[in-house]
1. Once you wrap a convex hull around the alpha carbon atoms of chain A, what is its projected area averaged over all directions, in nm²?
2. In whole Hz and in residue order, list the ³J(HN,Hα) couplings for the range A:99-106 that follow from phi through the Karplus curve 6.51 cos²θ - 1.76 cosθ + 1.60, θ = phi - 60°; x for Gly and Pro.
3. What residues have an amide H closer than 5 Å to that of A:VAL413, excluding those fewer than 5 places away on the same chain, when H is modeled at 1.01 Å from N in the peptide plane?
4. Could you list the square roots of 5 times each eigenvalue of the Cα gyration tensor of the range A:213-346, that is, the equivalent ellipsoid semi-axes, sorted largest first and rounded to whole Å?
5. Per residue of the range A:71-83, in order, report the coupling 6.51 cos²θ - 1.76 cosθ + 1.60 (Karplus, θ = phi - 60°) as ³J(HN,Hα) in whole Hz, putting x for Gly and Pro.
6. Taking chain A as the reference, fit the longest principal axis to its C-alpha atoms, fit the long axis of helix A:125-137 to the helix C-alpha atoms, and give the angle between the two in degrees, 0 to 90, nearest 10.
7. Beyond 21 Å between alpha-carbons counts as too far, so tell me which of A:LYS139/A:LYS365; A:LYS76/A:LYS109; A:LYS256/A:LYS406; A:LYS185/A:LYS406; A:LYS109/A:LYS349 fall in that bin.
8. Can you tell me the dipole magnitude for the protein assembly as shown around its Cα centre, using point charges on the Cβ only (Lys, Arg +1; Asp, Glu -1), in Debye to the nearest 20?
Amino acid sequence: MREDRNSNILSSSGLTRRTALKGLGAAAGLMAAPGFVRYAQAQSSEPIRIGFQCHRTGIGAAYGRWYERVTTATAKLINDEGGINGRPLEIVIEDDGTDPARGSEVVQKFANQHKVDLVYGTLFSHVVVGSAPMAGELKIPYYVVSEGYHVASGKMNRYCVQPGITDVKAQVRSVAPWIADNLGKKVTLVYPDYAFGHDHRDFFEPAIQAQGGEVIAKVPIPPTETSFTRYFPQIPRDTDVIYHVMVGPAVLTFVKEMGEFFGSGGPQLFGFIDSLEAVDINSPGLEFLEGSHFWEGMPRYAQPDQPDYMTFYRETVGIDENGASRNDPQDVSTAAHMFGCWETLYVIKAAMETADYQGPDDRTKLIEATEAMTEMEAGREHPQGPKVFNGKIHQVFGEQNISQVKDGKLEVVHRTSIDDGLYEPEADYTTMSF
Amino acid sequence: MAFGPYLLLATLEGLVTAAVLALMALGLSLVFGVMRVVNVAHGEFYMLGAVLAWWFASLVSGHPAIGFLLALILSPLVVAAVAFIAERLVLSRLNYEPEATIVATIGLLYILQQLALTFYGPEARPVQAPFDMRISLPWFGYSAYKLAVIAASALMMLATWVLLTRTKIGLVMRATQFDRETAQAFGIPVDRVYAGVFALGAALAAVAAVLIVPIQQAHYLMGLDPLLLSFIVVIIGGLGSLRGTVVAAILIGLSDGIISMFFSPTLAKMLATLLVALVLVFRPQGLFGTVAR
């Protein structure tokens with residue numbers, strides 16, 4: 001054993017002439033390689049590099065996969081149409097494991113190692129909250145496609161913007177009047193016991209009270225829970241509507257057990273589709289959802305009256321009329337959220353063109369150009385619908401869909417207006433320094 | 001809801017947890033008892049069992065019971081085969097050194113988990129229960145399948161007990177557990193016993209997974225929580241003691257069901273962890289374990 005160790009030390013300590021020559025040769029080869037010379041050329045023909053912080057693994061993996069597909073499809077489309085400022089777009093992907101600590105490291109890696117122009121694409125709120133300070137410190141723009149209220153709350157920093165997807169506070173305010181008018185006024189909330197669920201809890205209650213309704217019980221559920229029957233006795237008997245918003249792999253169990261518990265005589269259900277993103281509505285056990293209602297950012301199922309740009313979007317990202325992958329009908333998309341990637345990339349494109357973005361030195365100009373945006377018309381760049389951007393809180397506002405499960409499909413029954421979701425800004429990022 | 005039905009629901013939920021936990025922990029305990037290997041990858045065998053159950057069930061059409069039964073038979077066999085190969089290729093070459101095997105099974109954990117992510121994907125996918133029946137009680141409805149899980153788990157444990165105490169294979173296993181070298185001196189092929197036990201342990205986890213997968217869904221990260229709970233059960237019951245494992249599983253399952261319903265799930269987990277600490281301090285061999293020689 002000891003001899004082994006000694007021989008190892010001996011062999012690794014000496015730098016022989018042969019290894020030195022090898023190293024020199026390798027270095028020379030690297031310099032001569034075509035990839036290396038490229039950087040010596042003028043900057044303007046270099047691609048614009050966007051670092052995509054992707055939930056490839058961890059609990060967000062199903063979302064991550066579709067975010068990645070939409071991002072790739074959008075980048076290809078933008079490149080086919082001439083790129084940004086005449087420069088091609090290049091997406092650099094790093095997996096953050098849906099983990100805040102790793103997310104912060106990924107931002108660091110993007111800035112220092114990959115030297116990207118900006119970072120983009122994060123969904124899960126805890127990863128955004130964990131990564132945004134690093135983005136602010138490294139002064140790199142951070143375009144998130146999350147949903148939580150954290151960006152709009154003013155608690156992030158000037159580099160963190162959310163121009164492609166609406167936030168929970170606006171979504172909740174949009175749907176509350178419809179719930180009170182159509183489903184009932186006594187609501188029990190069932191939500192995951194962390195930031196995302198707390199957003200729903202905190203914003204839904206005042207919103208339903210404004211409609212003359214009330215929240216009669218709140219049932220927080222730990223995010224790692226796998227069995228739910230034990231929580232259902234907490235739902236009062238006189239509940240009109242159960243408002244549920246669960247995330248993670250256990251949501252199917254949640255719905256199934258709720259069906260077993262209540263049978264056919266239970267309260268009305270209103271859910272956020274977050275519960276069932278990437279899950280087939282016709283999965284065994286989900287029959288109980290027939291007739292219930294969901295919020296959807298963008299409809300999963302192709303709607304009969306959808307505009308052409310929506311059809312174009314669905315074809316480009318590769319989903320069929322049931323919102324599943326064209327290659328595999330079992331592979332259901334996260335349609336209600338992933339459009340945010342498409343729209344965010346187009347916002348980045350528009351902002352870069354306005355700011356005449358040349359490189360990392362223009363990062364502050366890019367943020368200012370984004371902040372200056374206001375109305376965004378529905379169309380190819382914004383297939384989900386028209387939007388209004390509030391530069392003060394770095395948050396976009398838009399229309400929401402309320403859909404009903406009919407014959408195993410989601411059918412849009414109501415579309416809220418942008419005004420339904422607007423609220424008083426509580427912050428002003430534009431007064432913060434870069 | 002009144003106290004009576006509330007308690008009934010809590011007990012039923014606790015028993016389902018206990019049933020699955022007991023099977024899973026039995027596998028872990030068996031592997032440790034006979035081989036003295038702490039199998040950190042045990043949870044991944046459970047996950048693999050669930051994922052394969054989904055795959056087998058989706059192969060056949062027709063009545064859901066056919067797919068489920070196919071999964072119940074084939075999934076544990078495939079998982080056992082994977083475990084057998086892993087044992088031959090990795091653990092036996094490390095001479096079952098405690099530290100090395102822990103690191104090796106951690107490696108195995110990541111390999112299995114990432115393979116599942118690559119080939120199965122990140123979604124949670126359900127398997128249809130072999131029968132769909134809702135028992136309608138005056139206060140709440142309950143799934144009949146969950147009751148069947150409790151019964152099936154009890155049967156499996158009985159079968160394992162018979163195997164260990166009434167058959168020659170069981171005798172050989174117990175002899176190996178009692179004293180490896182003497183067993184070898186008496187002509188017992190210890191190597192093959194080890195491989196068999198490792199495969200059996202994994203198969204038990206897979207059976208637990210097939211039973212649970214119509215209630216929960218197959219997901220590539222599903223192995224972690226049951227692994228931790230199994231460790232808790234095995235430590236409380238005494239590593240290597242089957243009786244202790246079953247008693248501890250029922251204790252943990254029921255307390256988890258009842259405490260988390262009347263108080264909070266976090267408190268239930270805290271109490272279980274506290275119990276582990278107390279057992280380790282005051283009775284390190286576990287409630288039913290014997291002192292290691």
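1. Quarter of the Cα hull surface area: 26.7 nm².
2. 10, x, 5, 5, x, 5, 5, 5
3. Counting only residues 5 or more places away or on other chains, the set is A:ILE402, A:SER403, A:GLN404.
4. Working: eigenvalues 186, 47, 41 Å².
Each semi-axis is the square root of five times an eigenvalue, giving 31, 15, 14 Å.
5. Here the 3J(HN,Hα) series is 4, 4, 5, 5, 4, 5, 4, 4, 5, 4, 8, x, x Hz.
6. Taking Cα atoms only, the helix is inclined about 40 degrees.
7. Details: A:LYS139/A:LYS365 12 Å; A:LYS76/A:LYS109 24 Å; A:LYS256/A:LYS406 18 Å; A:LYS185/A:LYS406 23 Å; A:LYS109/A:LYS349 23 Å.
The answer is A:LYS76/A:LYS109; A:LYS185/A:LYS406; A:LYS109/A:LYS349.
8. On the way: 54 positive and 70 negative charges, 648 e Å.
Charge dipole of the protein assembly as shown: 3120 debye, to the nearest 20.
The values are calculated or read from the model by the stated rules, or taken from the named source; none is laboratory data. Remember, predicted model here, so these are calculated numbers, not experimental data. Positions of Cβ are backbone-derived with ideal geometry, glycine not excepted, and every protein chain shown enters the neighbour counts. Just so you know, the surface numbers come from the protein's heavy atoms only, side chains and all, with ligands and any DNA or RNA stripped out. Shrake-Rupley method; radii C 1.70, N 1.55, O 1.52, S 1.80 Å.
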